[in-house]
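> Attaching a single structure in structure tokens format; questions to follow.
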Amino acid sequence: MAPMVLAALTPPEHSFTYLDEDIDEIRFDRIDADLIAITAMTVQADRAYFLADKFRLMGYPVVIGGIHASSCPEEASMHADAVCMGEADNYWASLLEDFASGQLKKRYNAKEYPPVINLISPKIDVVRHSSYSVLPLQATKGCPYQCDFCCIKFSSGNKYRMKPVEQVVEEIKAYERFNKGILKKRYHFNDDNLYVNREYTIKLFKALRDLNIQWMGMGSFSTALDREVVKLMAESGCRNYGMGLESVSAESLHEVNKVGNKIDDYKKATQMLISHGIIPTAYFIVGFDSDDESTFGRTVDFLIENHIINPLLQIMTPFPGTKVYERLKDRIFDKKWSHYGSQKCVFAPKKLTALQLESGFYWAAHQLAELSILKEHLKYFWSHGPWEKNPRLTLSERLLLMYLAMGLKGNKEYRKFLFWAARQRDAVDAYQIVSIVAFNHMAKKFETSRKKLSAD
Ligand code: B12
Ligand code: SF4
């Protein structure tokens, strides 16, 4: 989403072209630019530096920004002509002016975060939306909490800022022209936390009700205990809501300053979402200092018992600049940033070995993605949701699932699953079914890694 914001901040006398390495191939021989701007999170930093070095060797000036450069400016400065820290809104136009007059500075630092009324709407047409399954939005920025493993303070700060709801509505209306396929795209709120200011959250969800969209987002766990807000959330088209539950151990939550999470209420929260037809996504971390071999089994049991259809399990990752990084600094044995995607152990855990942590993680991810378990979750979800009021799988969605199933000739298990799903009377939408197949596929890859780990 950052490129769409940069494009919006770029004065009209300049042109702006965006390449996303996940979908575009960079043809170095075809690049024709005055300035190259690169964004990267930590896991992408090695690749970003490689590209920056290459462009500079070719004679292009390079500026680099985003969460990793903001937390490691010294390191980033070895690969770029200018390092940009924090939100571009405050300095991008002046950076371009400096560049045009040959006075590019080595460092740009947002320092102050722009006030709400200055938050610009992203320029959505710089992105080829047909290549993406979701349309990204951001209504609020920042998060006032200070979880020790989170580095959001480097990109959006701890001060919570909210865009006027009317502006968010206008952004959605502008997006709708990219939302015309058989499978309606979902909006994804890239907000760190949609539930900090309850009054704003309510106003936002009420405004979304009239737009007939489907959306996903995330926020504090306490959102899901607030019946009025969950009801509005469902009415406004929320299909999937993510919460950082992080751990089933109070000791682990305490260890990382995760305030507000009450493990005894996790069940109530997930059931509240399910009963309103919203799929709960739960973020969990393994690898806390207090975690031991029993952690994996306990986490899996919780997630299965509570019908968390979309569990997102991660390995504790000491992102630079965080308190967790400071604490683990002397135990970090792997500084290769491409290993910082939360699926590898890069430090020596306290009560486990790194190998035990990784193989426990792979084992758990595989258990959670068993198709038979996911099928049970779906049945539970459909039988406990308010489906009489909600849209069902449309004929075109059913056809699409069957079409996908036919395409998966080599995989009987997925084929059977997709045909089964396409026949279900209550299935809410095809998106969740396709996500489940993708999730299972990813877990199989994990299982291969686990087997390889045990063999080595
Ligand atoms: C959407 C999202 C994703 C999406 C898409 C990511 C993408 N490529 O766009 C998906 C789901 C794929 C994803 C995956 C992951 N994500 Co993610 N993701 C986000 C999220 C929620 C929103 C990102 C966003 O669009 N923000 C809105 C834009 C406008 O903000 P911004 O990127 O910060 O950009 C502003 C400034 O930083 C600055 N800026 C940024 N780049 C540049 C460049 C230049 C040149 C300049 C001048 C300025 C500038 O200006 C921008 C406008 O103000 C963030 C949290 C957050 N709120 O930022 C996490 C976040 C970026 N993700 C994170 C992580 C860890 C991951 C994963 C590793 C796994 C995981 N644990 O979730 C994977 C890695 C995937 C991979 N291998 O590539 C961490 C990153 C931590 C770090 N130090 O790297 C974050 C911060 C979440 C967190 N709280 O920890 N993610
Ligand atoms: S609540 Fe979420 S976004 Fe806020 S600090 Fe904690 S992990 Fe980061």
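The values are calculated or read from the model by the stated rules, or taken from the named source; none is laboratory data. Everything quoted here is computed from the prediction, not taken from an experiment. No Cβ is skipped: glycine too gets one built from the backbone with ideal geometry, and neighbour counts run over all protein chains shown.
> From (1) within 15 Å of ligand 2 (Cβ to nearest atom); (2) among the β-branched types (Val, Ile, Thr); (3) crowded, with 21+ Cβ neighbours inside 10 Å; (4) not in a strand (DSSP E or B), pick out the condition that doesn't hold for residue 259.
(3)
> Identify, please: which residue in the range 412-451 is more than 19 Å from residue 313 (Cβ to Cβ) and loosely packed, with under 13 Cβ neighbours inside 10 Å and is, among those, modelled with the lowest pLDDT?
Selected residue: 425.
> Let me ask something additional. Has the range 128-139 got any residue that is in contact with a Leu (Cβ under 7 Å, 6 or more places away or on another chain), in a helix (DSSP H, G or I) and either near ligand 2 (Cβ under 9 Å from one of its atoms) or not small (Gly, Ala, Ser) (or both)?
Yes, the range 128-139 contains at least one residue that is in contact with a Leu (Cβ under 7 Å, 6 or more places away or on another chain), in a helix (DSSP H, G or I) and either near ligand 2 (Cβ under 9 Å from one of its atoms) or not small (Gly, Ala, Ser) (or both).
> Picking from 89, 20, 46, which residue would you name as being among the acidic types (Asp, Glu), modelled with pLDDT of 95 or more and within 13 Å of ligand 1 (Cβ to nearest atom)?
Going through 89, 20, 46 in turn, just one is among the acidic types (Asp, Glu), modelled with pLDDT of 95 or more and within 13 Å of ligand 1 (Cβ to nearest atom): 46.
> On to the next question. Can you work out which of the residues in the range 168-196 that are within 16 Å of ligand 1 (Cβ to nearest atom) and farther than 19 Å from residue 4 by Cβ is nearest to the chain's Cα centre (by Cα)?
193
> Scan 168, 196 and give me the residue that is closer than 17 Å to residue 89 by Cβ and out of contact with any strand residue (DSSP E or B) (no Cβ under 6 Å at 6 or more places or on another chain).
Step by step, each of 168, 196 is checked, and only 168 is closer than 17 Å to residue 89 by Cβ and out of contact with any strand residue (DSSP E or B) (no Cβ under 6 Å at 6 or more places or on another chain).
> Pairs only if they're at least six apart or on different chains, beta carbon under 6 angstrom, first in the range 144-160 and within 11 Å of ligand 1 (Cβ to nearest atom), second of a type in the set (A, V, I, L, M, F, W, C); list them, first residue then second.
Hits for this filter: 147/256; 149/256; 149/324; 151/319; 152/143; 154/67; 155/67.
> Another question, if that's okay. Of the residues 301, 291, which is in a helix (DSSP H, G or I), out of contact with any strand residue (DSSP E or B) (no Cβ under 7 Å at 6 or more places or on another chain) and charged (D, E, K, R)?
From the options 301, 291, the qualifying one is 301.
> Scan (1) among the aliphatic types (A, V, I, L, M); (2) within 16 Å of ligand 1 (Cβ to nearest atom); (3) within 23 Å of the chain's Cα centre (by Cα) for the single condition residue 110 breaks and write down its number.
Looking at each condition in turn, residue 110 falls short on (3).
> While we're here: So, in the range 59-76, how many residues would count as being within 16 Å of ligand 2 (Cβ to nearest atom) and in contact with a strand residue (DSSP E or B) (Cβ under 8 Å, 6 or more places away or on another chain)?
Within the range 59-76, residues that are within 16 Å of ligand 2 (Cβ to nearest atom) and in contact with a strand residue (DSSP E or B) (Cβ under 8 Å, 6 or more places away or on another chain) number 1.
> For residue 194, are the conditions met, namely being hydrophobic (A, V, I, L, M, F, W, C), over 20 Å from residue 65 (Cβ atoms), within 16 Å of ligand 2 (Cβ to nearest atom) and not in a helix (DSSP H, G or I)?
It is true that residue 194 is hydrophobic (A, V, I, L, M, F, W, C), over 20 Å from residue 65 (Cβ atoms), within 16 Å of ligand 2 (Cβ to nearest atom) and not in a helix (DSSP H, G or I).
> Name every residue in the range 306-336 that is under 18 Å from the mean Cα position of the chain (by Cα) and not aliphatic (A, V, I, L, M), in order of residue number.
Scanning the range 306-336 gives 310, 311, 314, 317, 318, 319.
> Check 335, 267, 329 and return the single one that is surrounded by fewer than 15 Cβ atoms within 10 Å (Cβ to Cβ), under 25 Å from residue 379 (Cα atoms) and without any contact (Cβ under 8 Å) to a residue 40 or more places away in the chain.
267
> Looking for something without any contact (Cβ under 8 Å) to a residue 60 or more places away in the chain, within 16 Å of ligand 2 (Cβ to nearest atom) and under 24 Å from residue 151 (Cα atoms) - is there at least one such residue anywhere in the range 36-48?
yes
> Can you tell me which residue is nearest to ligand 2 (Cβ to nearest atom) among those in the range 213-256 that are in a loop (DSSP other than H, G, I, E, B), within 19 Å of residue 267 (Cβ to Cβ) and among the polar types (S, T, N, Q)?
220
Yes or no, residue by residue, for (1) at pLDDT 85 or above; (2) basic (Lys, Arg); (3) not assigned by TED's automatic domain parsing to the domain that holds residue 271:
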{"residue": "352", "(1), (2), (3)": "yes, no, no"}
{"residue": "359", "(1), (2), (3)": "yes, no, no"}
{"residue": "369", "(1), (2), (3)": "no, no, no"}
{"residue": "372", "(1), (2), (3)": "yes, no, no"}
{"residue": "389", "(1), (2), (3)": "no, yes, yes"}
{"residue": "396", "(1), (2), (3)": "no, no, yes"}
{"residue": "401", "(1), (2), (3)": "no, no, yes"}
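> Still on this structure, please answer the following. Residue by residue through the range 82-98, note down the ones that are of a type outside the set (A, V, I, L, M), assigned to a helix (DSSP H, G or I) and under 16 Å from residue 1 (Cβ atoms).
Once the filter is applied, which keeps residues that are of a type outside the set (A, V, I, L, M), assigned to a helix (DSSP H, G or I) and under 16 Å from residue 1 (Cβ atoms), the range 82-98 yields 89, 92.
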